[in-house]
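A.B. asks: First, the structure itself, so that you have it in front of you.
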């Protein structure tokens, strides 16, 4: 193993000794209750299988059939999730054919940041992850199930389902992807038209045409944002079938992989000899593998929060220093938009996940000695699925890239590091993704232009007030303030300023999209302005310095001057009302900071861990 990867793994294990032991004890207590429905009273069980057919009822009451929970995030407004419409019936049929039973345990909400970006609904986005986790746990709480199938694709949905699955860590769980839409308008062309719209060179009609050509059918959006990062990370962690993440919807291979996922979960329940619950798959090595997969591909910055929360749900404490050290050890192996011009289908054609995993295993960057849903050893995931003579089978994947502009040669990565920097200084801590920048680093020192929301930024841009070298500060966007909305709509105008020759960057306690691009952005600043962070004391004209080489984020104002300044205040009353935002006040008030996962679910967990051993 790479020494840095091993060191990070070891320190995660060491710092998580108490919490992981408590977690394993919890899921072992749950397992000892036996087949879950066996603990139910007759009345309870009768309610649980009342709608089942006669044969399934007999099997369930005699404890001879596994009962698999189906949790789905289907809706037909999200292109990525529309294919899930008929999955429950397909999964039930495949499971019935191998002598088990499946029940649809519950649906979870699934919102699209692409629809809500720059609108009030975006302020529910990050909080929806915890809502999804709670909804899925309610579905599983009936105690009828021996395993679970999780159907989710996009930004907050997969992390939410992971949190729920790990809460029921004694259950074997398989994640079932639906695949990306075929390639449409190239992402680079879409970005060009967005920027021309920001400059006033094209109108809304041309913009809508371009967007519609890009997002054009059922399936996941093809750029490498949070949705596709989710899929890759879950596969590298051994929770998908090998090679199943990026097979297009509606194809024969997609259908066969869906059926195979259904069959596979029945093979690893506690009713057989190959019991493998998700709580035993997601260990420290699997978590590090997920981080490495994310970093090697320049994946979504949202996972600097999501994977922290997922790790905590499995009893592990992961922090941004772990990300930073792993980033330095991990080469950037792919160029997928916004880190290049290719889309996720091009990545698959160039060799896909099987090649990526092989390259990383060969370099000692991934732990091979891990459990997966397919057995022991990650090397199983260097294979890829094929249909041969009408049968689904797995063959050895590519051993070298078919397109070295998309997947690099193992000895010639695109960058020697993965391009994720952790910044620290008197402004607090922040994340910056540099893999999509024109240079592999950012070193900038410029006057601040301060905004309390993204909408006032728009007005200043349109008035020409930002046509200068500057660092744009957008604050009061953090978890406690607004639930941490993404600010991706700022990217096109900031790109316009770059093209005019101005040096610009963004500093914010909010998020950028998983598709964060070529504008330097120090994001997730913590502590946030709303809870007293120094970002709330920046004045217009203050000099701010960002340096990803030294890892510094500095406000060049003396400590004495900062002590004199009062914290900026803002009335967020109107931002907490309408579009259902008032219902989330309680959740917003308990969200942890960005580096702790911006999560509302673990308020009592540390205390419980300390007493539950």
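A.B. asks: Looking only at the stretch 430-444, how many residues end up being over 16 Å from residue 508 (Cα atoms) and more than 25 Å from the chain's Cα centre (by Cα)?
C.D. replies: Result for the stretch 430-444: 2.
A.B. asks: Taking helices (runs of 4 or more DSSP H) that fall entirely within the stretch 51-166, which contain at least 1 residues that are buried (at least 24 other Cβ atoms within 10 Å of the Cβ) and more than 19 Å from the chain's Cα centre (by Cα)?
C.D. replies: Numbers: elements: 54-61, 87-97, 113-116, 125-140.
Answer list for the stretch 51-166: 87-97.
A.B. asks: What number of residues within the stretch 351-374 are under 19 Å from residue 268 (Cβ atoms) and either touching a strand residue (DSSP E or B) at 6+ places or on another chain (Cβ under 6 Å) or free of Cβ contacts under 8 Å to residues at least 24 places away in the same chain (or both)? Show your work before the answer.
C.D. replies: The first filter runs over the stretch 351-374 and keeps only residues under 19 Å from residue 268 (Cβ atoms), leaving 369-374.
Add one more test, that the residue is either touching a strand residue (DSSP E or B) at 6+ places or on another chain (Cβ under 6 Å) or free of Cβ contacts under 8 Å to residues at least 24 places away in the same chain (or both), and what stays is 373.
Of the residues in that region, 1 qualify.
A.B. asks: Six or more apart or on different chains, Cβ under 7 Å: which pairs go from a residue in the stretch 166-177 that's closer than 12 Å to residue 245 by Cα to one that's in a loop (DSSP other than H, G, I, E, B)? Could you list them?
C.D. replies: Listed pairs, sorted by first residue: 175/239; 175/240; 177/153; 177/240; 177/244; 177/245.
A.B. asks: In the stretch 6-23, how many are under 20 Å from residue 167 (Cα atoms), part of a helix (DSSP H, G or I) and under 24 Å from the mean Cα position of the chain (by Cα)? Even if it seems obvious, please write down each step before you answer.
C.D. replies: First, the residues of the stretch 6-23 that are under 20 Å from residue 167 (Cα atoms): 12-13, 16-23.
Filter once more, so that each one left must be part of a helix (DSSP H, G or I): 12-13, 17-23.
Now restrict to residues that are under 24 Å from the mean Cα position of the chain (by Cα): 12-13, 19-20, 23.
Selection size over the stretch 6-23: 5.
A.B. asks: Residues of the stretch 77-95 being farther than 25 Å from residue 137 by Cβ and modelled with pLDDT under 95, which ones?
C.D. replies: Hit for the stretch 77-95 is 79, nothing else.
A.B. asks: Residue 268: modelled with pLDDT of 95 or more, assigned by TED's automatic domain parsing to the domain that holds residue 240 and within 14 Å of residue 239 (Cα to Cα), yes or no? It would help to see each step written out before you state the result.
C.D. replies: On the way: modelled with pLDDT of 95 or more: yes; assigned by TED's automatic domain parsing to the domain that holds residue 240: yes; within 14 Å of residue 239 (Cα to Cα): yes.
Answer is yes for this residue.
A.B. asks: Can you tell me which residue in the stretch 412-458 is modelled with the highest pLDDT, limited to those that are in a helix (DSSP H, G or I) and either buried (at least 16 other Cβ atoms within 10 Å of the Cβ) or not assigned by TED's automatic domain parsing to the domain that holds residue 509 (or both)?
C.D. replies: 457
A.B. asks: Let me ask another. What are the residues in the stretch 182-223 that are free of Cβ contacts under 8 Å to residues at least 60 places away in the same chain and in a loop (DSSP other than H, G, I, E, B), if any?
C.D. replies: First, pick out the residues of the stretch 182-223 that are free of Cβ contacts under 8 Å to residues at least 60 places away in the same chain: 184-185, 189-190, 192-193, 196, 200-214, 216.
Passing the criteria: 184, 185, 200, 201, 202, 203, 216.
A.B. asks: Any residue at all in the stretch 307-327 that is assigned to a loop (DSSP other than H, G, I, E, B), under 10 Å from the mean Cα position of the chain (by Cα) and within 14 Å of residue 233 (Cα to Cα)?
C.D. replies: Of all residues in the stretch 307-327, those assigned to a loop (DSSP other than H, G, I, E, B) come to 314-319.
Subsequent filtering for residues that are under 10 Å from the mean Cα position of the chain (by Cα) retains none.
Within the stretch 307-327, not a single residue is assigned to a loop (DSSP other than H, G, I, E, B), under 10 Å from the mean Cα position of the chain (by Cα) and within 14 Å of residue 233 (Cα to Cα).
A.B. asks: With respect to residue 407, determine if the residue is in the same structural domain as residue 562 (by TED's automatic domain parsing), buried (at least 21 other Cβ atoms within 10 Å of the Cβ) and closer than 24 Å to residue 224 by Cα. Quick ask: steps written out before the conclusion?
C.D. replies: Working: in the same structural domain as residue 562 (by TED's automatic domain parsing): no; buried (at least 21 other Cβ atoms within 10 Å of the Cβ): yes; closer than 24 Å to residue 224 by Cα: yes.
No, not satisfied.
A.B. asks: Tell me whether the stretch 254-268 contains one or more residues that are over 18 Å from the mean Cα position of the chain (by Cα), surrounded by fewer than 22 Cβ atoms within 10 Å (Cβ to Cβ) and either assigned to a loop (DSSP other than H, G, I, E, B) or on the phi > 0 side of the Ramachandran plot (or both).
C.D. replies: The answer is no; no qualifying residue exists.
A.B. asks: Let me ask another. Quickly run through the stretch 355-384 and pick out the residues that are surrounded by fewer than 20 Cβ atoms within 10 Å (Cβ to Cβ), in contact with a helix residue (DSSP H, G or I) (Cβ under 9 Å, 6 or more places away or on another chain) and assigned to a helix (DSSP H, G or I).
C.D. replies: Those that are surrounded by fewer than 20 Cβ atoms within 10 Å (Cβ to Cβ), in contact with a helix residue (DSSP H, G or I) (Cβ under 9 Å, 6 or more places away or on another chain) and assigned to a helix (DSSP H, G or I): 361, 379.
A.B. asks: Of the numbered conditions (1) modelled with pLDDT under 95; (2) in contact with a strand residue (DSSP E or B) (Cβ under 9 Å, 6 or more places away or on another chain), residue 320 fails exactly one; give the number of that condition.
C.D. replies: (1)
A.B. asks: Follow-up. Considering only residues that are in contact with a strand residue (DSSP E or B) (Cβ under 7 Å, 6 or more places away or on another chain) and modelled with pLDDT under 95, look in the stretch 104-124 and name the one that is nearest to residue 159 (Cα to Cα). Steps first, answer last, please.
C.D. replies: Within the stretch 104-124, the subset in contact with a strand residue (DSSP E or B) (Cβ under 7 Å, 6 or more places away or on another chain) is 104-108, 113, 117, 122.
After this cut, where a residue has to be modelled with pLDDT under 95 as well, the list is 113, 117, 122.
Working: 113: 15, 117: 19, 122: 17 Å.
Top of the filtered list is 113.
So that you can scan it fast, the table gives a plain yes or no per residue for (1) outside the structural domain of residue 135 (by TED's automatic domain parsing); (2) within 24 Å of residue 138 (Cβ to Cβ); (3) at pLDDT below 95:
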{"site": "162", "(1), (2), (3)": "no, yes, no"}
{"site": "165", "(1), (2), (3)": "no, yes, no"}
{"site": "174", "(1), (2), (3)": "no, yes, no"}
{"site": "189", "(1), (2), (3)": "yes, no, yes"}
{"site": "195", "(1), (2), (3)": "yes, no, yes"}
{"site": "228", "(1), (2), (3)": "no, no, no"}
{"site": "239", "(1), (2), (3)": "no, yes, no"}
{"site": "253", "(1), (2), (3)": "no, no, no"}
{"site": "256", "(1), (2), (3)": "no, no, no"}
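A.B. asks: Check the stretch 280-290 and report whether any residue there is over 19 Å from the mean Cα position of the chain (by Cα) and modelled with pLDDT of 95 or more. Steps first, please.
C.D. replies: Residues of the stretch 280-290 over 19 Å from the mean Cα position of the chain (by Cα): 280.
Applying the additional criterion that residues be modelled with pLDDT of 95 or more yields 280.
Looking for residues that are over 19 Å from the mean Cα position of the chain (by Cα) and modelled with pLDDT of 95 or more, one finds at least one in the stretch 280-290, hence yes.
A.B. asks: Test residue 48 against the stated conditions and say whether it is in contact (Cβ under 8 Å) with a residue 24 or more places away in the chain, outside the structural domain of residue 308 (by TED's automatic domain parsing), in a helix (DSSP H, G or I) and under 20 Å from residue 136 (Cβ atoms). Reasoning before the result, please.
C.D. replies: Details: in contact (Cβ under 8 Å) with a residue 24 or more places away in the chain: yes; outside the structural domain of residue 308 (by TED's automatic domain parsing): yes; in a helix (DSSP H, G or I): yes; under 20 Å from residue 136 (Cβ atoms): yes.
Yes: the conditions hold for residue 48.
The values are calculated or read from the model by the stated rules, or taken from the named source; none is laboratory data. Treat the numbers as computed from the prediction; the structure is a model and nothing was measured. FYI the Cβ positions are ideal-geometry reconstructions off the backbone, even for glycines, and counts take in every protein chain you see.
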